[in-house]
Protein chains: 2
Amino acid sequence: MSVNQEKDQPRRRQARGERRIAQLLEAAATVFTTTGYTAASTNAIAREAGVSPGTLYQFFPNKEAIAIELGDRLMHEMRETYGEALAPVDPATPLEQAVGAAVDRFIAFNCEHPVFFALMHGPDIPGRITEEHDALHATLLSRIEGLLSSVLPDIRPADLSRTAHMCLGLYKAGLELVLAHEGTERDAYVQELKNALIRYLAPLVGDRLGPTH
Amino acid sequence: MSVNQEKDQPRRRQARGERRIAQLLEAAATVFTTTGYTAASTNAIAREAGVSPGTLYQFFPNKEAIAIELGDRLMHEMRETYGEALAPVDPATPLEQAVGAAVDRFIAFNCEHPVFFALMHGPDIPGRITEEHDALHATLLSRIEGLLSSVLPDIRPADLSRTAHMCLGLYKAGLELVLAHEGTERDAYVQELKNALIRYLAPLVGDRLGPTH
DNA sequence: GGCAAACACGAGAGATCGCTCGCGTTTCTC
DNA sequence: GAGAAACGCGAGCGATCTCTCGTGTTTGCC
């Protein structure tokens with residue numbers, strides 16, 4: 001979880017060092033978002049941060065570690081701030097509210113941290129990041145499955161998994177469109193994403209939580 | 001459209017050369033699909049094709065040209081074989097049939113040519129390919145808009161565009177899931193994709209073409 | 001058969017990028 | 001204030017990748 005990696009040699013950081021790390025991670029975030037992970041050169045990250053390549057390697061053992069630390073911090077913040085977005089809901093909650101609240105939270109997070117999308121959806125990302133992404137993916141899927149099964153007790157496991165995958169896939173598609181627009185148009189796409197999810201799920205949950213209003 | 005690029009010096013190809021080109025493009029397709037465009041090295045493509053690096057450059061001026069020629073041929077085949085998938089339909093056609101037919105055609109094409117998805121969705125692809133992708137994207141969007149407006153004459157232009165974008169986004173999300181599975185599970189995802197699209201569009205087209213059956 | 005052009009080879013030139021190293025500067029600790 | 005450790009620099013090493021070049025082989029044409 002921390003930046004050091006030399007075994008049991010914590011390398012006490014000064015305040016200046018912590019500042020540099022934050023600076024470098026911020027620079028890496030902008031470079032990763034604009035050029036992607038592989039195309040981003042460590043020299044470019046150092047330049048963006050206004051330091052020399054050598055200084056960068058004072059704090060990170062290699063390029064992958066930068067992405068990993070960035071991913072760790074984002075993942076941590078995501079779990080901390082929005083971890084409850086997919087908490088089990090009161091079965092009496094209307095489908096529209098449940099979907100709307102979850103979508104709003106995740107969209108807000110991704111709009112605040114566009115690098116998250118870039119790191120998680122690049123086809124060129126290295127092994128460790130992929131592992132983290134898969135872990136997050138699995139977590140999200142099981143959460144969604146939990147929500148679905150609480151509303152659909154009789155669903156077959158294979159259908160449950162497939163429906164959860166579809167929900168996540170639809171969300172990702174919508175997220176891409178949302179991030180590609182701004183202002184009121186962005187808000188409109190958020191609404192369309194909610195519509196797509198609600199309409200997709202409504203027939204499954206039946207009339208009880210149907211989209212009538 | 002052809003491979004030569006030296007100005008007005010057509011470089012007459014022999015039958016052997018045409019065979020090599022096809023061989024190299026096939027090798028490039030497999031390498032691109034497995035490693036992505038940037039990570040794919042020209043030497044690896046040549047090795048996959050069983051020829052030397054020098055031979056590769058006898059037929060392609062650079063790495064980008066390989067991807068471009070591959071994209072051109074795929075694009076051509078796509079327009080030729082499935083260009084009518086989004087042709088204007090009889091307004092009396094049920095929504096389910098129209099969506100189902102279009103999805104089936106595009107899914108079949110992408111399953112036959114997985115490299116198409118890899119080339120079009122990699123974040124690392126070079127300029128020319130992006131242009132082609134954008135052109136295809138725009139074509140598909142206007143086709144979808146045409147279909148939608150023939151069924152929804154009163155829709156506002158902004159809503160029309162947004163709905164078309166959503167349809168294409170939902171399709172891409174479903175395509176990714178479809179390509180990630182095989183056999184009967186793949187078929188199930190195709191059906192889910194159709195469901196998602198139909199349910200998304202059904203409320204718009206009203207009861208006339210509604211999803212009842 | 002003989003000539004020119006197309007095809008084929010593979011070593012390596014040239015460029016880029018991740019990362020290191022030696023040395024100088026700042027900060028902490030006593 | 002002195003010593004140690006953290007911080008900072010930037011030239012450049014080594015690895016990798018795209019693309020070239022000189023040379024040899026095959027094919028098409030008369």
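Compared with the dominant principal axis of the Cα atoms in chain A, helix A:15-35 is inclined by about 60°. For the peptide B:163-176, the mean number of other protein chain Cβ atoms found within 10 angstrom of a residue's Cβ is 5. Computed extension gain for B:Cys111 through B:Thr139, at 0.36 nm per residue and net of the alpha carbon distance, reaches 8.0 nm.
Note on chain B: with charges restricted to the Cβ of Lys and Arg (+1) and Asp and Glu (-1), its dipole about the Cα centre is near 620 debye.
Computed from the alpha carbon atoms alone, the convex hull of the protein assembly as shown holds 198 Å³ per residue.
When the pairs A:Lys63/B:Lys172; B:Lys63/B:Lys172; A:Lys172/B:Lys63; A:Lys194/B:Lys172; A:Lys63/B:Lys63 are compared against a 23 Å limit on Cα-Cα distance, A:Lys63/B:Lys172; B:Lys63/B:Lys172; A:Lys172/B:Lys63; A:Lys63/B:Lys63 fall above it. For the pair A:Thr34 and A:Arg47, the difference between a 0.36 nm per residue extended length and the Cα-Cα distance amounts to 3.2 nm. In terms of packing, defined here as the mean over residues of other Cβ atoms within 10 angstrom, the peptides B:76-82, B:108-114 line up highest first as B:108-114, B:76-82.
Here A:Gly183 yields copy-to-copy label distances, from shortest upward, of 5.2 nm, the label point defined as 7 Å from Cα along Cα to C-beta. Solvent exposure of chain B amounts to 52 Å² per residue of accessible area, where only protein heavy atoms count and the probe is 1.4 Å. The modelled label-to-label distance between A:Gln191 and A:Asp72, using points 7 Å beyond Cα along the C-beta direction, is 4.3 nm. Between B:Arg16 and B:Ala92, the modelled label-to-label distance comes to 6.2 nm, taking each label 7 Å out from Cα in the direction of the beta carbon. Take B:Arg79, move 7 Å from Cα toward the beta carbon, and the resulting point lies 5.0 nm from the same point in each other copy, nearest first.
Since only A:Ala67, A:Pro94, A:Leu204 are under comparison, the one whose Cα sits farthest along the positive direction of the charge dipole of region A:67-205, derived from C-beta charges on Lys, Arg, Asp and Glu, is A:Leu204.
When all protein chains stay in place and ligands, DNA and RNA are ignored, the 1.4 Å accessible-area order of B:Tyr57, A:Tyr189, largest first, is B:Tyr57, A:Tyr189.
Applying 1/(1 + (r/R0)^6) with r as the Cβ-Cβ distance of B:Ser150 and B:Glu182 and R0 = 35 angstrom yields a FRET efficiency of 0.45.
Relative to the 2.2 N^0.38 Å rule of thumb, region A:67-205 has a C-alpha radius of gyration ratio of 1.05.
The simple spin-label model puts a point 7 Å past each Cα toward its Cβ; for B:Thr81 and A:Thr55 those points are separated by 5.5 nm.
Here B:Asn62 yields copy-to-copy label distances, from shortest upward, of 2.9 nm, the label point defined as 7 Å from Cα along Cα to C-beta.
The values are calculated or read from the model by the stated rules, or taken from the named source; none is laboratory data. In this text, all values refer to a predicted model and were calculated from it rather than measured experimentally. As a convention, Cβ positions derive from the backbone with ideal geometry for all residues, glycine included, and neighbour counts pool all protein chains shown. Protein only, heavy atoms only, side chains kept; ligands, DNA and RNA dropped before computing areas. Shrake-Rupley method; radii C 1.70, N 1.55, O 1.52, S 1.80 Å.
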